[in-house]
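Each remark here refers to the structure printed beneath this line.
Where a number appears in this text, it was derived from the coordinates with a stated rule and is not lab data. Quick caveat, the model's predicted, so the values are computed rather than measured. Here the Cβ positions follow ideal geometry from the backbone for every residue, glycine too, while neighbour counts run over all protein chains shown.
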Amino acid sequence: MAEYMFNSFYAKNIGQNRILLTTDHGDWTILSKDDYDNFIGGKLQDRSPIISGLKDKGIIISPENINQVIESYRAHYSYLFSPPVLHIVAVTPHCTQSCLYCSAAAEGEKKLEKNMDKKTAKSVVDFILKTPAKKITMEFQGGETLLNFDIIKFIVEYSRKEAKKLDKNISYTLVTNLRKMDDGILGYLKKNNVGVGSSLGGRQNIKEKQRISRDGVSSYDNVIYWVKRSQEIGYPIGVMPVVTKYSLPFWKEIVDEYVALGMKCITIKHIFPVGSAKDNKSSIAITGDELFGFWKNVLDYLISINRKGYYISEDFTSHVLGRACGHLSYMCTRELCGAAISQLSYDSKGDIFVCDALKTIDSFVLGNVFESKYEDIMLSKKALSFRSLPKSALQCDYCFASPYCGVCHVNTFGEQGNIVPKLPLSSVCRFRKRAVEYIFEKMSGPDREILVTWLKKINI
């Protein structure tokens, strides 16, 4: 009689006589079709190397590995038992650009009357510091964040002082289109260790079709200048491309530009179909298959570049592999996304939202920093519902890719008008499912050595 029992696992035929097996806790292995059939048919000896390997992966459970499997499950889902660690503060709804894919539906900059004021900023910080988390990330968003840089400085300095009293540690990041950047601001950000991120969609004609400056100044030239300037002072700005219909033919040119700028990682970002992006959907939106084709071309090209001696990784691939090795991944790619679980978002009025990309939609307001208590927000019916929503997608219960991705509420709401997803209609589900399969195909072939170097170097 077998001295083990099957754990819950998923099987996927990935071709060439190979079966991919994945588990809810994220572990995986690949068996030949014959070995898989023998395993399922109970024809393998308990002491066979295959059974031993399946025990190591937690695909089967025995007395000697049960504790290991429990710990793997606990680690994989640990974020469900932790307070929000990412707090996104939108300091202004105003912007210097009118990007076609803007999820925030940003307003013009002629009147900055909707900027966050100091009273609201203080209350936002006080609310954030109510979280039990000892390590917090505060991310500044907009609009264009640098249109309210004085408030950013106030928040950094006030929160750092208050966090010290509470024995908490805060890290800071800022997202900007760089139009209002200058050496003084960049110097302050460097001095105060505020990470800086922006968008760079590649060739000038692509970027300026998508990211339209209200003042006529080239958004492309400006980003290139400040990326290079930040590298000169030893505090490099991170950038990522947002993929639209305009981008699709230019995957190679985009990668070449990132390599020319000395970038070590590229993140392929899809649009969130809310705000201005929803209004412009007919001209910029792409299907999940189109996104997969773009991403696949980028991944294959990056691997070839690595083989020539230049290190540059692809972010989604690294996160999937990290998840498969027991690391907590980027919260938007977890089975249960970070909305109202690992992150909260705050607008310039102090309203609290489940997610930054949903901050323009009143249905996703949880409360306000002037009126709400932290405990009441986190225990509210609306916040708690986000812990069960993804599992309402029954297709995930039978999908080999589910341990490495999840439902994006923003994408679901933008595409379907509802946060309860119909996954066959989801472009993000289509992309992620195909991408996860392709990643594991790569891990079972000669490109594995390259992907393993990405996993070792990426900061997950």
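Convex hull over the Cα atoms of the stretch 244-359, averaged projected area in nm²? Mind dumping the intermediate values first?
Details: hull surface 37.0 nm².
The number I arrive at for the stretch 244-359 is 9.3 nm².
Under 17 Å between alpha carbons, and skipping anything fewer than 8 positions from K296 in its own chain: which lysines qualify?
K245, K252, K269, K433, K442
Any chance you could give the angle, 0 to 90 degrees and rounded to 10, that helix 149-165 forms with the longest Cα principal axis of the chain?
On a 0 to 90 degree scale, this one is about 60.
Each label point is 7 Å from the Cα along the Cα-to-Cβ direction; what then is the distance between the points at V452 and K33, in nm?
Distance between the two pseudo-spin positions: 2.8 nm.
I'd like the trypsin sites (Lys or Arg not before Pro) in the stretch 413-451 restricted to DSSP loop residues with at most 15 other Cβ atoms within 10 Å, sorted by number.
Sites meeting the loop and neighbour criteria: K422.
Which value results for Rg/Rh of the stretch 164-287 when Rg is the Cα radius of gyration and Rh the Kirkwood radius based on the inverse mean 1/r?
1.01
Among the GluC sites (Glu not before Pro) in the stretch 95-140, which ones are in a DSSP loop with at most 10 other Cβ atoms within 10 Å of the Cβ? Mind listing them?
Here the sparse-neighbourhood loop sites are E113.
Count the lysine pairs in the stretch 26-127 whose Cα atoms sit under 22 Å apart, keeping only pairs 8 or more residues apart in sequence or on different chains.
Qualifying lysine pairs in the stretch 26-127: 8.
Kindly point out, ordered by number, any Cys in the chain whose beta-carbon has no other cysteine beta-carbon under 4.7 Å away.
That list is C95, C265, C325, C332, C337, C355, C396, C399, C405, C408, C429.
Mind checking which lysines have their Cα closer than 18 Å to the Cα of K381? Skip sequence neighbours fewer than 8 apart in that chain.
Within the straight-line limit of under 18 Å, K381 reaches these lysines: K373, K391.
Name the trypsin sites (Lys or Arg not before Pro) in the stretch 1-83 that are in a loop by DSSP and that have at most 16 other C-beta atoms within 10 Å, would you?
K43, R47
Could you pull the Rg and Dmax for the stretch 351-390, using just the Cα atoms, both in Å?
10.0, 31
Need one number: nm distance between label points at S380 and D46, each 7 Å from Cα along Cα→Cβ, rounded to one decimal.
Computed distance between label sites S380 and D46 equals 5.5 nm.
With no solvent and one equal point scatterer placed on each C-alpha of the chain, evaluate the Debye formula and give log10 I(q)/I(0) for q = 0.05, 0.07 Å⁻¹, two decimals.
-0.19, -0.38
Reachable aspartates and glutamates from K264, Cα under 15 Å, same-chain residues fewer than 8 places away excluded?
By straight Cα distance, K264 reaches D256, E314, D315.
Largest first and to the nearest Å, give the Cα extent of the stretch 197-260 along each principal axis.
Per principal axis, max minus min of the Cα coordinates gives 35, 29, 15 Å.
Over the stretch 36-141, what number does the Rg to Rh ratio reach, with both radii from the alpha-carbon atoms and Rh per Kirkwood?
Ratio of gyration radius to Kirkwood radius for the stretch 36-141: 1.34.
From largest to smallest, what semi-axes in whole angstrom does the stretch 126-170 give when each is the square root of 5 times an eigenvalue of its alpha carbon gyration tensor?
Equivalent ellipsoid semi-axes, largest first: 21, 11, 7 Å.
Working out 0.36 nm times the residue gap between R214 and I70, then minus their Cα-Cα distance, what length gain in nm do you get to one decimal?
Gain in length upon complete extension: 46.4 nm.
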